[in-house]
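One structure is given here, and the rest of the page talks about it.
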Amino acid sequence: MRVLGIETSCDETAVAIVEAPAGNAPIGRILANVIYSQLSEHRRFGGVVPEIAARAHLERIDGLLADALAEAGLGLEDLDAIAATGGPGLIGGVMVGVMTAKALAFAHDKPFLAVNHLEGHALSVRLTEDVGFPYLLLLASGGHCQLLTVRGPGDFTRLGTTIDDAAGECFDKTAKLLGFGFPGGPAIEQRAKEGDAQRFALPRPMWRKRGCDFSFSGLKTAVRQAVEKLPPGDPQAVADLCASFQRTVGDVLADRCANALVLAPSSTLVVAGGVAANAYLRGRLEATASEHGARLVAPPVKLCTDNGAMIAWAGLERFRLGMTDALDFRPRPRWPLDALSKVAT
Ligand code: KG4
Ligand code: ZN
């Protein structure tokens, strides 16, 4: 079974083709995975500009589609279904991906699948790792920070979410204050390697509170105040602040995951989304998981940040269960994962 996936919900234009046997087993094969990052087009604005993103997706999508088919050595007739991110995301970009997928599906008489971007992150681990349902998931990206029990495609129970900013957003805003540019996560991780993680005591919102919700806005404010007081021209102080900030985020994520492992015990904790690319945070979560008798599993780093393979894979998982979509599907700027299923009480 082969599914093509298109991702255009933010600033990466990505197309991939994945393959797996029929059934419900994890682990597939990536036949092609091409990506065009629009970073250079947005950098001078300090963030993603929706109109520029939509136009760049439109300019690139046909070429990337041809590249993906060439990389896989396949024609469109060799595919079983066409998937695209149907939301949530920047609506102009989502429309480009959805319309492209619908046109391909219609012209070649293939089933169409509208994939929730968050479900793409949530299931991506099963593309490369032998992880069975159910599992506990920390989804931490630029737009989201949630803990969920994942029972299968379209079957999620949300245990907690952020009441304000997302974890990745907090990394990005901290990086911007320090003049690192966008996206901030990788730059902070790099600088933190040379820093003293104990030098700055920053607030840990929600730490040791009941439940599994997150909050990052207080941390962001504290970082701004710390940056204002930094001695000028002192790279060590900057590295120390990066390390202290990263440690603080680690404390919060570990504490929230520990609560989740008690409230909804699971033998597997999965971390996904762009923030899961952070090796220090993975280490912290690994320790938390093992303290609770669980193992931590994370997708390979290049499948943590936005990519087409996760959309193709989630599409394939849905397709195997017969969960296809009609061609009148409307792209959704907002589409919470728990709208696919139930919210925990
Ligand atoms: O999943 P993703 O590519 O896009 C969204 O769906 O949001 O996540 C992007 C986010 C950005 O906020 C970026 O700063 C963060 O993931 N990120 C990281 C790292 N790499 C990317 N955060 C911390 N450490 C990293 N190494
Ligand atoms: Zn994402």
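Quick note: the coordinates plus some simple rules give every number you see, no bench work behind them. The structure displayed is predicted, hence computed values, not measured ones. Please note: Cβ atoms are built from the backbone with ideal geometry, for glycine as well, and neighbour counts cover all protein chains shown.
Side notes on the structure shown:
- Neighbour-limited loop hits for trypsin sites (Lys or Arg not before Pro), the range 226-292 (at most 14 other Cβ within 10 Å; DSSP other than H, G, I, E, B): Lys229
- Within the chain, percent of DSSP bridges classed antiparallel, to nearest 5: 60 percent
- Distance from the range 184-205 to the range 20-63 (C-alpha centre basis), Å: 29 Å
- Using the alpha-carbon positions of the range 1-131, Rg (one decimal) and Dmax (whole number) come out as 14.6, 47 Å.
- Rounded to whole Hz, the Karplus (6.51, -1.76, 1.60) HN-Hα couplings of the range 308-325, x for glycine and proline: x, 4, 5, 6, 4, 5, 4, x, 5, 4, 5, 4, 4, 9, x, 8, 7, 10
- Pair-distance profile P(r), taking every C-alpha pair of the chain, with 10 angstrom steps and integer %: 6, 26, 33, 24, 10, 2, 0
- Cross-link partners of Lys193 among aspartates and glutamates (Cα-Cα below 18 Å; sequence separation of 8 or more within a chain): Asp172, Asp234, Asp240, Asp251
- Among 291-300, 193-202, 311-320, 132-141, the order from most to least packed when residues are scored by Cβ within 10 Å on average: 311-320, 132-141, 291-300, 193-202
- About the Cα centre, charge dipole magnitude for the chain (Lys/Arg +1, Asp/Glu -1 at Cβ), debye: 980 debye
- D_trans [Stokes-Einstein, Kirkwood Rh over alpha-carbon pairs] for the range 133-298, 37 °C, 0.692 mPa s, µm² s⁻¹: 207 µm²/s
- Compactness of the range 99-199 was expressed as the Cα radius of gyration divided by 2.2 N^0.38 Å, which yields 1.43.
- Based on DSSP H segments of at least four residues, each scored -39500 (n - 2.57), the chain has a per-residue ellipticity at 222 nm of -13000 deg cm²/dmol.
- Taking the longest Cα principal axis of the chain as reference, the axis of helix 217-228 is set at about 60 degrees.
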